[in-house]
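The block underneath contains the structure these notes are about, expressed in C-alpha cells.
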Amino acid sequence: MRHISESHPKALAETAFLPGPVLLLGAPGVGKGTQAQLLVSKFGIPQISTGDLLRGNIARGTKLGIRAKEIMSAGHLVDDSIVNQMVLHRLQEEDTHRGSILDGYPRTLEQAKFLDQTFSNPIFLPRLPVIAISIVVSYDRLLQRITGRRICPVCKHIYNTYSNPPRVAGVCDLNGSTLAQRTDDTEPIFIERMKTFNEQTAPVVAHYREMGRFEEADGDQSVEAVNGAIMQAIAKLRRVSR
Ligand code: AMP
C-alpha cells in the first residue's frame, strides 16, 4: 500500500500548516459557505456557521430556535449575546484545536470584540489570533446568487438556478432529493439583509482592516479561483500574525 505522503503530498503539506481561526466575511450570497466547505476539506478543521447553528435550533424547535426564527425571517440579526454564547460553546469542542473557519460570524463590532477576547485566552488552541478575509461581489451578482440558490436538504450540496443548475430542475444530481430554497433567499429579504450588512457588518470589516489582519478576495470568479485567492490570503496573513 502506498503511504499517504506519496499519494497526497500537497494535502499533507496543507495539514501540517496551522491555519488557526479564519473568519470569512462578506455580504449575503458572496459564497462564504461554499468557500468554507473547501477550506474544511483542505485543512481538516471545522466550519462554524452561526446561520447553520441557528437553523439547526429552528429545526429542533428549541427555545432559542423559536426566538431566532422570527428575527431571521425578517432579515435582521439575532442578539449578540445569544450568538456569542453559541460560538463560545462550539469553540470548546476538541476539533477546533488546529483552527476553525468561522462563516457568518462575527457580524457586529460587539461580536468581533467578543471573539478577539475569546481567542486572547490561552485555553483556546492553537493560540493564534483571528485573521479575516472578506469576499467581495457586486450587488447585482449577489441578488442573482441569492434568489437562485437551492440546497439539497440531504447532502447540503448548493446549486444556483442561473449559474449552476441541477441536471433536472429542482432535483439534486447526487441523490435525487427535492431541492429546497431558504425562506430568507427572496428579493425583499435580500434588500433588508444588505441594509443590515452595510449598517452592522461593514464596521467588522473596518475593525480587522485596522488591525492589519485582513485581506480581500474577489468573489466574482470561479469557485476554484476564489479559493486560490483565499488560500494565498491565509498564507500571507499567517506569516505576519502569530
Ligand atoms: P447566514 O446563513 O449566515 O446567511 O445567516 C442567516 C441569518 O441568521 C442571518 O440573516 C441572521 O438573521 C442570522 N445570523 C447568522 N449569523 C448571525 C450572527 N453572527 N449574528 C446575528 N445573526 C446571525
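The values are calculated or read from the model by the stated rules, or taken from the named source; none is laboratory data. For clarity, every value in this text was computed on a predicted model and none was experimentally measured. In this analysis, Cβ positions are derived from the backbone assuming ideal geometry, glycine residues included, and neighbour counts consider all displayed protein chains. The area values use the complete protein model at the heavy-atom level, side chains included, leaving out ligands, DNA and RNA. Shrake-Rupley method; radii C 1.70, N 1.55, O 1.52, S 1.80 Å.
Among the residues of the stretch 31-72, those that are away from the ligand (no atom under 11 Å from the Cβ), closer than 25 Å to R145 by Cβ and either open to solvent by 40 Å² or more (accessible area, probe 1.4 Å) or in contact with a Leu (Cβ under 7 Å, 6 or more places away or on another chain) (or both) comprise T34, Q35, Q37, L38, V40, S41, K42, Q47, A59. When residues in the stretch 160-186 are screened for being of a type in the set (D, E, K, R) and closer than 18 Å to G33 by Cα, 3 of them pass.
Say whether the condition of being touching a strand residue (DSSP E or B) at 6+ places or on another chain (Cβ under 6 Å), under 11 Å from G29 (Cβ atoms) and modelled with pLDDT under 95 is met by at least one residue in the stretch 189-196.
Step one: list which residues in the stretch 189-196 are touching a strand residue (DSSP E or B) at 6+ places or on another chain (Cβ under 6 Å), which gives none.
Scanning the stretch 189-196 turns up no residue that is touching a strand residue (DSSP E or B) at 6+ places or on another chain (Cβ under 6 Å), under 11 Å from G29 (Cβ atoms) and modelled with pLDDT under 95.
So that you can scan it fast, the table gives a plain yes or no per residue for (1) of a type in the set (D, E); (2) under 18 Å from the mean Cα position of the chain (by Cα):
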{"position": "G148", "(1), (2)": "no, no"}
{"position": "C152", "(1), (2)": "no, yes"}
{"position": "K156", "(1), (2)": "no, yes"}
{"position": "P165", "(1), (2)": "no, no"}
{"position": "C172", "(1), (2)": "no, no"}
{"position": "F197", "(1), (2)": "no, yes"}
{"position": "P203", "(1), (2)": "no, yes"}
{"position": "E210", "(1), (2)": "yes, no"}
{"position": "D220", "(1), (2)": "yes, yes"}
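Applying a threshold of 7 Å to beta carbon distances and a minimum spacing of six or more residues, or different chains, the list of pairs starting in the stretch 98-116 at a residue that is open to solvent by 50 Å² or more (accessible area, probe 1.4 Å) and ending at one that is near the ligand (Cβ under 9 Å from one of its atoms) reads R107/L77; R107/Q200; R107/T201; E110/D80. Tell me whether the stretch 120-128 contains one or more residues that are basic (K, R) and within 16 Å of the ligand (Cβ to nearest atom). No, the conditions are met nowhere in the stretch 120-128. Pairs meeting the criteria (first residue in the stretch 127-139 and in contact (Cβ under 8 Å) with a residue 12 or more places away in the chain, second residue part of a loop (DSSP other than H, G, I, E, B) and aliphatic (A, V, I, L, M), beta carbons under 8 Å, at least 6 apart or on different chains) are L128/L18; I135/V30; V136/V30; V137/A27; V137/V30.
Figure legend. Inter-residue proximity from the stretch 210-237: first residues open to solvent by 60 Å² or more (accessible area, probe 1.4 Å), second residues acidic (D, E), beta-carbon distance below 8 Å, spacing 6+ or different chains. Indicated pairs: K236/E215. Only a single criterion out of (1) within 9 Å of the ligand (Cβ to nearest atom); (2) assigned to a helix (DSSP H, G or I) is not satisfied by H76, namely (2).
Taking the stretch 192-221 on its own, how many of its residues are among the hydroxyl-bearing types (S, T, Y) and more than 11 Å from A112 (Cα to Cα)? Lay out the reasoning, then the answer.
As a first pass, look at the stretch 192-221 and keep what is among the hydroxyl-bearing types (S, T, Y): 196, 201, 208.
If we keep only those that are more than 11 Å from A112 (Cα to Cα) too, we end up with 196.
So the count comes out to 1.
Of the residues making up the stretch 217-242, just one is of a type in the set (D, E) and in a helix (DSSP H, G or I), namely E224.
Considering V78, V87, the condition of being closer than 22 Å to E192 by Cβ and either crowded, with 17+ Cβ neighbours inside 10 Å or within 15 Å of the chain's Cα centre (by Cα) (or both) is satisfied by V78 alone.
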